[in-house]
Structure formats: C-alpha cells, structure tokens
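Undergrad: Quick one: structure below, then a few questions.
What follows draws every value from the coordinates through simple rules; no lab data is involved. Only a predicted model underlies this, so the values are computations on that prediction, with no experimental measurement involved. Because the Cβ atoms are built from the backbone with ideal geometry, glycine has one as well, and the counts that use them run over all protein chains shown.
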Amino acid sequence: MIGIDIGGTTVKIGLVNHNGEIRYKWEIPTNKDNLGETIIDDVWTSVTDTLAKQQNKSEIIGIGVGAPGFVNPEAGIVYEAVNVGWRNFNLKDELERLSNLPVFIENDANLAALAENWKGSGDHSKDMMLITLGTGVGGGVIANGEILSGTNGTAGEIGHIIGDPNGYPCNCGRVGCLDTIASATGIVQQALDKIEENPESTLASHYKKHGKLEAKDIFQFVETGDRLSESVINRTTDILGRIIASAATVINPSRIIIGGGVSKAGGPLLSKIKKNFRKYSLPRISDCCEVKLAQLGNDAGIIGASYLVKKNLEKTPLML
Ligand code: ZN
C-alpha cells in the first residue's frame with residue numbers, strides 16, 4: 001500500500017505492508033504555487049520514480065492520502081486545505097486518473113488517530129480521541145469503531161473548541177480557540193505576553209538575548225523552576241484538560257492520545273494534562289480513560305493512510 005501525508009511544507013510518502021510496517025519512506029517539498037495545482041502530479045511522478053527502483057511491487061493494492069483541512073472521504077473531495085491552497089479539490093479522482101489504483105482520502109488528524117489505534121498508543125480502542133499539539137491543534141475521534149467525519153467534514157476539530165472567549169484571534173475567524181492556546185504558537189504567544197508584563201524576568205532576558213522563543217524553551221524553563229513559564233504551562237494544560245474532559249463526555253473514550261511536536265515535552269506535560277483532565281471530568285469518564293502520549297510521531301500520517309486502504313479494500317472491521 002502507498003500512504004501519502006500531505007502537509008504544508010512537505011509531502012511524506014511511504015510504502016507500507018499489511019501489518020502496518022513501513023518498508024520505504026521519503027518526502028518531497030509541497031509546491032503551493034497556483035493553489036497547489038501540481039502537488040498531485042509531483043507526488044505521482046516521485047512515486048513512479050521510486051517504484052521503478054523497488055524490487056517487490058506486489059503490495060501496491062491502493063493509495064491512501066491524508067490532507068490537512070476539511071475533507072469529504074466518500075466523495076473524495078478536499079473542501080478546503082488552507083495550508084496547501086486547495087479548495088473543492090477532487091483529490092481522489094485526480095490521483096486515480098494518474099495511478100489507475102483505488103484511492104482513499106481522509107483528514108490528516110483523523111488518519112493519525114487511525115494509525116495510533118492500529119499501531120500506536122490506541123491499542124485498538126472502540127472509542128478514542130487523538131489530539132495533536134503542533135503548529136496548530138488537530139483532533140481525530142473514533143467512536144463505535146469508526147472515525148467521525150460529520151455532516152461536512154468538521155467532526156473532531158477539537159482545536160476549534162473555544163477555551164478563552166477573550167483570547168487571541170484564531171485563523172478560523174473567531175477568538176480564543178484551543179488552537180490559539182495549546183499549539184506551539186499559542187504557548188509562545190502567552191509567554192511573550194508574560195515577558196511584556198515582566199521585562200525583568202529570566203524569560204525576558206532569555207528572549208532578549210536570543211531574539212526568539214520556542215515552545216520547547218518554555219518547557220525547559222519549567223524544568224528549572226521558572227515561575228512565569230510554569231504559569232503559562234499551567235494555564236495551557238488547565239484549559240486543555242477542561243476541553244478534553246468536555247469532549248470526552250460526548251464519546252466516553254477509553255483512550256485519549258496526545259501527539260504533535262509539543263507532546264515531545266513528554267512526561268511532565270502529560271502529567272499536568274492528566275491532572276486537569278481528572279479535575280474537570282465526570283469521574284465515571286476519567287476512571288475508565290487512559291491518557292497517553294502518541295507513539296508514531298511523523299509516521300502516523302503514512303501509516304493511517306495505509307490503514308485506510310487496508311480497511312476499504314479488505315472490508316475488515318476497524319478492530320484488528
Ligand atoms: Zn478557531
């Protein structure tokens with residue numbers, strides 16, 4: 001199977017076997033010129049070049065593709081993917097025409113949820129949620145063994161649950177979405193506000209010295225006991241815990257998985273999220289729900305895309 005993960009900077013491509021093991025993977029840059037019109041051509045050219053060099057072609061039974069944005073998996077259409085420039089783009093038809101292979105598409109965070117459930121921290125849960133804390137905040141929800149897409153491809157967009165109605169503007173046009181708080185960008189923005197209020201602080205002098213600030217710097221400062229950094233992370237995980245607890249009430253999951261670049265902060269971040277999730281959750285919900293870090297990292301998109309092919313072509317149930 002071929003798994004393709006289309007991102008705003010790179011397209012990740014992998015040849016994946018039926019057990020979800022990546023046999024070969026590589027990436028190409030995402031060409032966003034002219035509303036991303038050459039991306040699929042670029043991808044297919046790269047795939048054919050790579051396949052020509054491969055010995056064993058028997059495993060290629062179909063292609064799965066993850067796209068960032070709002071997707072209609074049945075129709076094979078990407079409604080809108082701002083990061084790559086697509087709007088009402090018929091991704092499935094375009095790639096099937098080039099490849100003569102069956103193509104299946106999904107939202108990228110939904111694919112990450114499928115991947116974690118298949119080969120990562122999800123452990124084949126019937127009901128689970130994945131939240132990715134990266135440049136933005138993404139979400140994927142599996143309920144009753146099926147990924148939720150919703151009426152127009154917007155189900156599970158946990159990043160756009162509002163966490164602070166008086167907060168920062170979000171790229172969705174509203175104010176205070178979780179995306180503006182718990183993403184790497186949101187964490188840095190909160191820290192910059194603290195620096196402005198506390199120009200004599202350690203954090204302020206670090207920023208002055210280096211001229212930039214990243215989310216990982218703030219986590220490092222928390223480790224050293226820096227009060228301002230700690231207040232940023234405490235507020236972030238408080239809001240995140242409250243939103244996760246609320247979202248969990250809808251599907252009563254057995255697993256909640258935290259992924260994305262910010263989750264590399266690891267154990268200390270996870271323990272704060274867990275604490276706040278329990279604080280806000282109905283005990284019956286948190287008692288049966290394990291909060292864990294994602295395991296698959298950058299491979300989640302490729303693996304989830306391959307799972308989509310496997311699921312559709314073999315008509316296997318979600319739980320393997
Ligand atoms: Zn938003």
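Undergrad: Plugging the Kirkwood radius over Cα pairs into Stokes-Einstein for the range 178-265, at a temperature of 25 °C and a viscosity of 0.890 mPa s, what D comes out in µm²/s?
TA: Diffusion coefficient, whole number: 177 µm²/s.
Undergrad: Next up: Given 275/311; 53/92; 25/292; 209/264, which pairs have Cα atoms separated by over 30 Å?
TA: Where the Cα-Cα span goes over 30 Å, the pairs concerned are 275/311.
Undergrad: Mean 1/r over all different Cα pairs, inverted: what Kirkwood radius does the range 124-294 give, in Å?
TA: 16.4 Å
Undergrad: Let me ask something else about it. Enter the angle in degrees (range 0 to 90, nearest 10) between the Cα long axis of helix 300-314 and the first principal axis of the Cα atoms of the chain, meaning the one along which they spread out most.
TA: Taking the Cα atoms of the chain, the angle to 300-314 is about 40 degrees.
Undergrad: Checking the a/c ratio against 1.5 first, then a/b against b/c, what shape does the Cα gyration tensor give for the chain?
TA: prolate
Undergrad: Report for the range 124-294 the percent antiparallel among DSSP-assigned beta bridges with both residues inside it, nearest 5.
TA: For the range 124-294, the DSSP antiparallel bridge percentage is about 55.
Undergrad: Around residue 159, under 12 Å between beta carbons, what's the net of Lys plus Arg minus Asp minus Glu among the other residues?
TA: -1
Undergrad: Continuing with this model, one more query. Could you check what % of the DSSP bridge pairs in the chain are antiparallel, to the nearest 5?
TA: Expressed as a percentage, antiparallel bridges in the chain total about 60.
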